[in-house]
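Peer 1: Attaching a single structure in structure tokens format; questions to follow.
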Amino acid sequence: MKKILLLLALVGFGSICSSAFAATFKGKVIDADTKEPIEGAVVVAVWHEATSTISGASTRLKDVEECLTDNKGEWSIGGSTGKWGGAVTAIYTFLTGSYYTRPPEFIVFKPGYCSWPAGFGIDSCKGKLKPSGNDKLADGEPVELPRLTSREAKLRSLPTYIYEDSKYTPEELLAKQKEFLRLINEESRNLGLPELKMPKGPGK
């Protein structure tokens, strides 16, 4: 009886802990040197959901949303706040096989600039690329992108689109990040690289 009550308590408490709320994430993208707004940068939000297994956490893609910055450098994306699972959530998902949504991860990209967060590993971006963490970007801290001049730095900063197994077909996933792919291909052409295309799923 005690074991049943404990399980019910974990399920009930886990359900509360694993809940997420809808929110609107917004911010601004500016030139790191001039502090002027950057228009036409793409901001991509990526949500994953996770569950606990014997071998550790297992994640899968849940959703992708994108938007372009306006002439003030401002952007806005709606979606789940998500949460980082604690011990109770881990036990709950392990017992039930359910998933919880994690906070979104962001990508910010504009051809000719350091991409966020890939640019943190590039010497010419270090010390200028801001903010330092995903949580700060989610809280609305302005994103500062340094300009790039060398081809090598632009190659290293070039991001890749999101392609993971999910509820979406490859075509649907492409449609959710068409602006991101458009800007990736624009920079690829500038660098003399072939354009990227969304791969087709099994049996396509």
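Peer 1: Could you grab me the full set of residues in the stretch 123-138 that are surrounded by 12 or more Cβ atoms within 10 Å (Cβ to Cβ) and closer than 22 Å to Gly79 by Cα?
Peer 2: Pro131, Asn134, Lys136, Leu137, Ala138 - these are the residues of the stretch 123-138 that are surrounded by 12 or more Cβ atoms within 10 Å (Cβ to Cβ) and closer than 22 Å to Gly79 by Cα.
Peer 1: Do you know which of the residues in the stretch 139-157 that are out of contact with any helix residue (DSSP H, G or I) (no Cβ under 6 Å at 6 or more places or on another chain) and part of a loop (DSSP other than H, G, I, E, B) is surrounded by the fewest Cβ atoms within 10 Å (Cβ to Cβ)?
Peer 2: Thr149
Peer 1: Here is a follow-up. From the set of residues in the stretch 111-138 that are part of a loop (DSSP other than H, G, I, E, B) and in contact with a Pro (Cβ under 8 Å, 6 or more places away or on another chain), which is farthest from Ala23 (Cα to Cα)?
Peer 2: Ser124
Peer 1: Would you point out the residue of the stretch 42-83, among those that are under 28 Å from Asp165 (Cβ atoms) and outside any strand (DSSP E or B), that is modelled with the highest pLDDT?
Peer 2: Thr81
Peer 1: Here is a check on your reading of the model: is Glu179 among the charged types (D, E, K, R), modelled with pLDDT of 85 or more and in a helix (DSSP H, G or I)?
Peer 2: yes
Peer 1: Looking at the stretch 34-91, which of the residues that are surrounded by 14 or more Cβ atoms within 10 Å (Cβ to Cβ) and aromatic (Phe, Trp, Tyr) is nearest to the chain's Cα centre (by Cα)?
Peer 2: Trp47
Peer 1: Any idea how many residues of the stretch 111-132 are touching a strand residue (DSSP E or B) at 6+ places or on another chain (Cβ under 9 Å) and among the basic types (Lys, Arg)?
Peer 2: 2
Peer 1: Now for a different question. Are any residues in the stretch 93-118 small (Gly, Ala, Ser), within 15 Å of Lys154 (Cβ to Cβ) and surrounded by fewer than 24 Cβ atoms within 10 Å (Cβ to Cβ), and if so, which ones?
Peer 2: Gly112, Ala118
Peer 1: Can you name every residue in the stretch 144-180 that is of a type in the set (A, V, I, L, M, F, W, C) and within 25 Å of Ser124 (Cβ to Cβ)?
Peer 2: Matches in the stretch 144-180: Leu145, Leu148, Ala153, Leu155, Leu158, Phe180.
Peer 1: Next up: Filter the stretch 93-110 down to residues that are outside any loop (DSSP other than H, G, I, E, B) and under 30 Å from Trp75 (Cα atoms), then give me how many there are.
Peer 2: 7
Peer 1: Follow-up. For Val29, indicate whether it is under 12 Å from the mean Cα position of the chain (by Cα) and either in a strand (DSSP E or B) or within 28 Å of Leu155 (Cα to Cα) (or both).
Peer 2: Judged against the criteria, Val29 is not a match.
Peer 1: Can you name the residue in the stretch 158-172 that is at pLDDT 90 or above and surrounded by 15 or more Cβ atoms within 10 Å (Cβ to Cβ) and is also farthest from Trp84 (Cα to Cα) among such residues?
Peer 2: Residue satisfying both the conditions and the ranking: Leu158.
Peer 1: Of all residues in the stretch 58-81, how many are farther than 16 Å from Tyr100 by Cα and among the basic types (Lys, Arg)?
Peer 2: So the count comes out to 1.
The values are calculated or read from the model by the stated rules, or taken from the named source; none is laboratory data. As the structure is a prediction and not an experimental result, all values here were calculated from the model. Note that we place each Cβ from the backbone using ideal geometry, even for glycine, and neighbour counts take in every protein chain shown.
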